[in-house]
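Each remark here refers to the structure printed beneath this line.
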Amino acid sequence: MPSVFTRVIDGEWPGRFVWKDDRCVAFLSIAPLRPGHTLVVPREEIDHWLDLPPDLLQHLTRVAHSIGRAIQEAFKPTKVGLMIAGLEVRHVHLHLVPIDAVHDLDFSHQERQPDPAAMDRAAGQIRDALRKLGFREVSE
């Protein structure tokens, strides 16, 4: 059975994409910790990050770095946190979260019903920043 993320990637379920390439995608979390919380997800369904082929892990990290720079530009947080947890969905995903303090990475603070207009604005801000940084993989 396809994972939640595979269904989003395949267009079966909606997603606010900011990046698409042949190996991975990035879209906003539906339960963000902070505005701009983005997930980098390989197209291939792999449960544990330790099982990623090294070249795919390297690609995901490169993409996360690029999107992290865009999040920094768009939201001006103190830092952009990067976390791999993977307990809630059995499909590797890297969390990128604009943070000002360590508690900003506490998943008990997820926004369960974020404002759709605010989510659209956040995705637009990240896409604009990616374009400004010269990336062509920006999703429309």
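Every number here is computed from the coordinates shown, using simple stated rules; none is lab data. Given the structure is predicted, the values throughout are model-derived calculations rather than measurements. Counting neighbours? That spans all protein chains shown, and the Cβs are built from the backbone with ideal geometry, glycine included.
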> How big is the chain on each of its three principal axes, counting only the C-alpha atoms and giving the largest first in Å?
Replying inline: 35, 35, 28
> Any idea which of Leu52, Pro32, Phe107 is furthest toward the positive side of the dipole for the stretch 27-133, if Lys and Arg beta-carbons carry +1 and Asp and Glu beta-carbons -1?
Replying inline: Pro32
> In a GNM of the chain with a 10 Å cut-off on Cα contacts, which of Glu12, Glu45, Glu111 has the highest mean-square fluctuation?
Replying inline: Glu12
> Over all Cα pairs of the stretch 49-120, how is the pair count split among 10 Å bins, expressed in % and running from 0 up to the last occupied bin?
Replying inline: 17, 44, 35, 5
> Considering the dipole of the chain built from charges on the beta carbon (Lys and Arg +1, Asp and Glu -1) around the Cα centre, which of Val4, His91, Val41 is farthest to its positive end?
Replying inline: Val41
>> Quick check: net charge around Glu137, other residues with Cβ under 9 Å of its Cβ, Lys/Arg +1 and Asp/Glu -1?
In response: +1
> About its Cα centre, what dipole magnitude does the chain give when the only charges are +1 on Lys and Arg Cβ and -1 on Asp and Glu Cβ, stated in debye to the nearest 20?
Replying inline: 460 debye
> If contacts are Cα pairs under 8 angstrom and at least 6 residues apart, what is the relative contact order of the chain in percent?
Replying inline: 32 percent
> If amide H atoms are built 1.01 Å from N in the plane of the peptide, which residues on other chains or at least 5 residues away come under 5 Å of the amide H of Val80?
Replying inline: Ile99
>> Given the -39500 (n - 2.57) contribution per DSSP H run of 4+ residues, what per-residue ellipticity at 222 nm results for the chain, rounded to the nearest 500 deg cm²/dmol?
In response: -10500 deg cm²/dmol
> Between Arg112 and Lys79, what is the label-to-label distance in nm when each label sits 7 Å out along the Cα-to-Cβ direction?
Replying inline: 2.9 nm
> Among Thr78, Thr6, Thr38, which comes first, then next, by fewest other beta-carbon atoms within 10 Å?
Replying inline: Thr78, Thr6, Thr38
